[in-house]
1. May I ask for the Kirkwood hydrodynamic radius of the range B:54-182, worked out over all distinct Cα pairs and given in angstroms to one decimal?
2. Can you compute the helix-only [θ] at 222 nm over chain B? Use -39500 (n - 2.57) per DSSP H run of at least 4 residues, normalise by all residues, nearest 500 deg cm²/dmol.
3. Using amide H atoms built 1.01 Å from N in the peptide plane, name the residues 5+ places from A:Thr330, or on other chains, whose amide H lies under 5 Å from its own.
4. List the residues, sorted by chain then number, that are 5 or more residues from A:Cys219 or on another chain and whose placed amide H is less than 5 Å from its amide H.
5. Using a 1.4 Å probe, how large is the accessible area of B:Tyr230, given in Å² and rounded to the nearest 10?
6. Could you run the numbers on buried accessible area between A and B, total for both chains, 1.4 angstrom probe, in Å² to the nearest 100?
7. Please give me, ordered by residue number, the trypsin sites (Lys or Arg not before Pro) of the range A:1-61 that lie in loop per DSSP and have at most 12 other Cβ atoms within 10 Å.
8. Sticking with the crude label model, points 7 Å out along Cα→Cβ, report the distance from B:His8 to B:Arg321 in nm, one decimal please.
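The values are calculated or read from the model by the stated rules, or taken from the named source; none is laboratory data. All values derive from a computational prediction rather than experimental measurement. Please note: Cβ atoms are built from the backbone with ideal geometry, for glycine as well, and neighbour counts cover all protein chains shown. Only protein heavy atoms, including side chains, enter the accessible area calculation; ligands, DNA and RNA are left aside. Shrake-Rupley method; radii C 1.70, N 1.55, O 1.52, S 1.80 Å.
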2 protein chains.
Amino acid sequence: MASKATIHDVAQQAQVSAGSVSRALNNYPHVSEELKNRVLAAAVALDYQPAYLAHGLRRGRSNSVGFLVGTIANPVISTIFEAAAEALSTEGFTITLVSSRNQAELDVACLRLLASRQVSGLMVSSAAEAPEPARELIAELGIPTVLLDREASAEAHVHAVQSDHASSIKEAVAHLTEQGHRQVAFLGGPADFYPTRQRYAAYRDALRALDLPRRRELCRFTSFTERAAYAEALLLLRSAPPPSALIVAGNIILAGALMALQDLSLVVGRDIALVACDDIHLTRLYRPPITAIRRDLKLLGATAARLLLQGMQEGAGAAERVITLPTELTLRESTQYAPTRLPSAPAGGEEFAGVALAR
Amino acid sequence: MASKATIHDVAQQAQVSAGSVSRALNNYPHVSEELKNRVLAAAVALDYQPAYLAHGLRRGRSNSVGFLVGTIANPVISTIFEAAAEALSTEGFTITLVSSRNQAELDVACLRLLASRQVSGLMVSSAAEAPEPARELIAELGIPTVLLDREASAEAHVHAVQSDHASSIKEAVAHLTEQGHRQVAFLGGPADFYPTRQRYAAYRDALRALDLPRRRELCRFTSFTERAAYAEALLLLRSAPPPSALIVAGNIILAGALMALQDLSLVVGRDIALVACDDIHLTRLYRPPITAIRRDLKLLGATAARLLLQGMQEGAGAAERVITLPTELTLRESTQYAPTRLPSAPAGGEEFAGVALAR
DNA sequence: ACAGTCGCAGAAATCGTTTTCCGACAGGTG
DNA sequence: CACCTGTCGGAAAACGATTTCTGCGACTGT
């Protein structure tokens with residue numbers, strides 16, 4: 001009913017041609033006030049809604065941007081995209097959402113789907129990374145694209161918004177060192193994943209700069225499932241000598257790590273210091289509150305939207321842009337007190353280490 | 001490049017007419033094997049992707065379903081929609097996502113937008129509820145629709161998937177009563193919100209059935225922001241006599257409530273028993289773990305998708321369907337031990353009751 | 001051998017817009 | 001008065017698919 005009236009109905013009602021209706025409604029030059037008013041009145045009277053499909057077909061663009069996500073069921077991702085969606089929709093764009101279900105091999109199929117939908121822009125927070133076929137496809141598609149927290153591309157139409165993970169990681173390691181920690185562990189996402197690479201590199205550099213021991217077994221990578229993160233965290237925590245501090249990337253991984261800590265009866269802030277890489281409800285509300293690296297997710301989404309809007313406007317014009325947004329280390333109790341595992345408390349420390357070793 | 005080849009290019013390559021290409025590709029009857037092969041080969045050679053817009057325009061349907069959400073930045077919502085999106089996309093549908101930013105007055109505009117996009121189906125988890133104009137619009141739009149955890153509609157094309165909030169709430173109240181609690185508080189979402197109404201009604205009925213005091217000030221409703229939930233929780237917890245148990249609806253509200261509890265130095269499981277209405281990472285990982293009402297969010301989403309697919313297939317055919325899925329109360333330590341606030345100290349108990357009567 | 005089906009495929013109409021093309025008309029100028 | 005310039009709006013051609021219409025052969029039954 002609502003979408004039943006066509007432009008011809010409006011034209012008939014207003015006693016003009018269909019072309020004039022189109023011109024009047026789209027604010028073309030050289031349209032008389034009088035005609036415009038007549039058309040507007042008729043459109044309102046008939047509750048005319050232009051048929052999007054026909055509009056897009058003729059115009060050659062769909063006025064919709066494609067969102068490719070690994071999963072939307074992650075509060076960090078969904079917050080970013082919500083902000084981006086808001087900015088884009090106020091500019092008249094619709095969002096077409098596709099999830100590759102965290103399966104890298106589905107990325108390409110999802111992109112093709114979006115391309116066949118003739119999206120006018122692309123926002124990508126895909127499952128996988130790097131030399132991947134998905135990147136090539138994005139490059140050859142020629143659609144203005146913004147990568148979210150992914151390795152930037154050299155293509156002119158492919159922009160990127162990233163977070164400065166490195167500086168906060170370095171800050172965190174420095175902070176832990178000041179508290180006396182020397183065995184600092186790192187639990188990251190998939191090793192080829194851009195944020196993980198950034199964080200890991202910063203972690204490694206910081207250890208080197210501060211002359212801390214760099215032990216391979218204190219550094220593990222896991223997929224984005226709680227179960228996998230739990231398993232890796234267990235392995236990591238059981239290594240000898242055990243870590244006295246742990247940096248975990250991502251909120252799902254944090255959940256797995258906390259489960260592992262609880263299963264090993266390790267109390268955060270007492271037996272081990274903990275730093276999380278995204279600030280979610282859990283980090284603030286956990287007892288003790290967990291030190292976390294914060295970033296403005298809404299700003300990230302909004303910035304990405306702005307970049308994409310620019311990219312879509314200038315067509316295949318200017319060169320690619322990369323924007324890096326700051327992160328901020330928020331200290332909380334999980335890193336505030338020197339854990340008992342620290343070698344500074346000699347006897348107790350030994351004992352705890354012994355227990356940990358014995359499982 | 002990828003979407004550059006049209007059906008005419010394929011026709012030319014295969015030395016047939018455009019119509020035949022369409023028939024061959026869409027598995028029409030009366031197409032010779034030989035022609036079909038030739039067309040298929042040509043299509044592959046040219047990497048032909050049918051133009052979605054033209055296809056939809058001619059067919060009259062867009063092969064995309066609209067998702068209307070209050071916000072996607074809520075893990076419960078996004079998990080449901082992720083599951084629904086997966087089921088729908090395997091059937092060849094695309095998702096068009098619109099967020100009304102939790103503003104009830106935007107619901108209608110969002111629906112109109114989706115309607116103008118000629119979506120073939122609608123999935124609604126809108127901000128607001130009830131006699132609202134949005135419901136009327138959905139009714140008159142005539143698009144097959146599934147409401148997610150919302151009041152069902154009498155319209156033939158409007159289906160619903162709901163959760164059986166009531167039974168678990170009753171179970172929770174019974175459990176609390178068994179532990180000796182008499183001052184059971186309830187912190188819900190907006191009062192006109194379907195899940196809140198269901199939960200509140202069940203809570204009230206359970207109190208009545210178990211002959212517990214029903215005090216208005218122990219029952220508060222809040223919007224879906226952490227700040228608001230925090231404020232209401234403070235008021236609720238400060239009422240005299242204070243509640244010894246608290247049931248909170250929704251994950252955002254839980255976060256606000258936990259903040260309030262921490263600010264008042266009330267320890268969950270010791271000073272107050274706590275029941276949450278959605279099982280998220282936070283409930284499982286909080287110390288102590290929080291008793292929660294669980295439901296299978298993926299099943300909810302998948303069921304909604306199934307309902308919508310049915311609805312879109314049978315057109316304006318059969319009548320509306322409502323499916324109610326079970327919930328399950330998972331007991332954890334937050335309700336396991338009798339809190340210190342319990343009137344088991346008799347004098348206090350009398351006093352509490354007296355105050356309760358006086359309102 | 002002839003009318004009646006049936007399978008197949010080309011030509012053309014169609015979906016609802018936008019856009020191009022073109023003609024009509026008004027007003028100012030040489 | 002002829003001529004240009006510029007505004008306005010109708011008619012028709014796109015856009016790229018699907019679907020209807022139509023006709024051509026081949027096959028069947030009598």
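1. Numbers: mean 1/r = 0.0624 Å⁻¹.
So the Kirkwood estimate lands at 16.0 Å.
2. Values: 14 runs with 164 residues, N = 359.
About -14000 deg cm²/dmol.
3. A:Ala292, A:Ile293, A:Arg294
4. A:Phe186
5. Its accessible surface works out to 50 Å², give or take rounding.
6. Values: alone 17490 and 17530 Å², together 30390 Å².
Protein heavy atoms only, the A-B interface buries about 4600 Å².
7. Values: sites: A:Lys4, A:Arg23, A:Lys36, A:Arg38, A:Arg58, A:Arg59, A:Arg61; in loops: A:Lys4, A:Arg61.
Listed in order of number, the matching sites are A:Lys4.
8. In this crude label model, B:His8 to B:Arg321 measures out at 4.4 nm.
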